1. Quick one: length gained pulling T149 to T88 fully straight, 0.36 nm per residue minus the C-alpha distance?
2. If I stretch the segment between N171 and A207 completely, what's the gain in nm (0.36 nm per residue apart, minus their alpha carbon distance), one decimal?
3. What is the gain in length, in nm to one decimal, between A52 and L236 on full extension, counting 0.36 nm per residue of separation less the C-alpha to C-alpha distance?
4. Using Cβ contacts closer than 10 Å as the measure, can you line up I96, I106 from fewest to most?
Amino acid sequence: MMDLTKEGTMDYATFKHSVALRALNIVVAATLATARPCSSQVRVEFTPFAGAYVPTSARLWPAPGTNCTLQVVSGVPNFCDGTMRQETSPAVGGRITAWLNNRTGIDLSVGYSGSRARVPSTSLRDTSASIVAGSARVLVNLTPRMVRTSFYVAAGASFVAHGGDAYAALNASRLAYDVLIGSTTGWGPVLGVVTRFMLAPSLAIRADLEDHHYKISGGGFQNDLVFSLGLSATLLGRGRAAR
């Protein structure tokens with residue numbers, strides 16, 4: 001059997017990205033087939049959260065095979081000589097979730113992480129590198145209707161935006177060394193699992209694991225995880241409707 005994840009037609013990062021896209025298609029198709037929202041069932045809740053942003057890829061930029069010049073430009077660090085990688089850091093954010101019925105929900109979230117970047121072999125002193133990640137996901141309940149602890153799978157689309165002095169220096173370097181100029185924001189599929197523990201009809205503890213797949217211009221495919229814990233409070237609708 002051909003191994004597509006190693007030295008065949010597809011490297012491992014691309015393979016994971018393809019699997020994420022297929023999983024997204026399956027979850028969305030299942031949701032469209034089962035979700036029949038009723039206006040009396042819809043409820044909206046807000047969840048502030050805190051957690052950790054964990055990049056798992058060994059290299060954010062440059063991608064393997066990037067054509068870089070060996071010329072040295074005074075005062076501009078050459079990122080081509082090193083491997084830029086985002087570091088693990090705390091994250092905070094919020095979610096708005098509309099539960100359409102007892103089985104399905106639509107979730108919008110945004111999170112921020114004030115991180116740093118690891119940039120070996122450069123003269124860069126300020127490596128501050130913030131992250132803003134947002135997503136729109138469909139949630140599908142895997143557990144019986146009236147249990148206190150419920151489990152969900154989630155899939156949707158997301159963006160991961162990189163900012164701060166480290167990425168400003170990266171853009172300056174790409175311009176100075178004639179490397180492909182582009183955005184430091186990546187778009188792609190996001191997969192996840194969710195656990196909710198009901199404290200009261202309108203209050204629940206919620207734990208999320210999100211898996212973001214994306215790439216930035218000139219970089220390889222990324223696989224970033226966001227672990228978070230939050231407290232969900234019902235804003236609209238009946239609190240017990242979406243166990």
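Please treat every number below as a calculation from the coordinates, not as lab data. Keep in mind that what you see is a predicted model, and the values were worked out from it rather than measured. We place every Cβ from the backbone using ideal geometry, glycine too, and count neighbours over all the protein chains shown.
1. Result for the pair: 19.0 nm of gain on full extension.
2. 9.4 nm
3. Details: separation 184, 0.36 × 184 = 66.24 nm, distance 2.89 nm.
Extra length from A52 to L236 when fully extended: 63.4 nm.
4. Numbers: I96 14, I106 19.
Fewest-to-most Cβ neighbours within 10 Å comes out as I96, I106.
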